[in-house]
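Please read the structure below before turning to the comments.
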Amino acid sequence: MKTNQIFLAIVVVAFTLASCGGSKKAPRKVYEAPPGTVSVELPCTGTSYMSDKKHFRATGIQTSAMEAVALKSAVAQSKSQIANDISVRVQNVLQNYNKIIGVESTNTTTQAFEDMTKQVANTVLTGTRTICQKFVRVTEEGPNKGKYKAYVTQEIDVDAVYNEVSSMVSKGDQAKVEYDYEKFKEVFEMEMQKN
């Protein structure tokens, strides 16, 4: 009888421990390409190569019969995308900053903002760095057979953009706005959180 009670106690404890072990996470579903297609992973792409709160990033992909031309074109494409992203963000920062400090937007300030965003983008683009560079050679039949395809991802620190914009706004000669360092930094950081 005692053996049965001990056995029953062990079974109850084991059952309780098994049921209290917590729920197991369902296995993560892996993406499956639809029937008749194959999933392709491109070099220098994916979440590691996307813009985030600390960096503006872009990938350029170009094809040419010459490796150097493919590389140069891919770099130009990635820099162009970074410049565009910076321009949009800086424009938003400047507009939001002006709203906060109570400056009305006029044609003059709008033009000054556009000029400033172009100048910021052009200035900071010299600081971009390549974080991924891959080449493939096309072997399939077709118009690109034998050509090189370059994949290049470049990045620039958000801090470099902030420093350049802050410097221009603090000078006040372009947008003619009152400069409040803390408010400007707050607006800039809020905009960068949108990445």
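The values are calculated or read from the model by the stated rules, or taken from the named source; none is laboratory data. Since we're looking at a predicted model, the values are computed, not measured. Note: ideal-geometry Cβ built from the backbone for every residue, glycine included; neighbour counts use all protein chains shown. These area figures cover heavy atoms from the full protein model, side chains too; ligands, DNA and RNA do not enter into them. Shrake-Rupley method; radii C 1.70, N 1.55, O 1.52, S 1.80 Å.
A single member of Lys99, Lys72 is in a helix (DSSP H, G or I), over 17 Å from the mean Cα position of the chain (by Cα), loosely packed, with under 13 Cβ neighbours inside 10 Å and free of Cβ contacts under 8 Å to residues at least 40 places away in the same chain, and it is Lys99. When Thr63, Thr117 are screened for being polar (S, T, N, Q) and either at pLDDT 95 or above or out of contact with any helix residue (DSSP H, G or I) (no Cβ under 9 Å at 6 or more places or on another chain) (or both), only Thr63 passes. Taken as a whole, region 145-155 holds no residue that is acidic (Asp, Glu), at negative phi and not in a strand (DSSP E or B). Of all residue pairs spaced 6 or more apart or on separate chains, those with beta-carbon atoms under 6 Å, a first member in region 48-66 that is in a loop (DSSP other than H, G, I, E, B) and polar (S, T, N, Q) and a second member that is open to solvent by 40 Å² or more (accessible area, probe 1.4 Å) and modelled with pLDDT under 95 are Ser51/Asn195.
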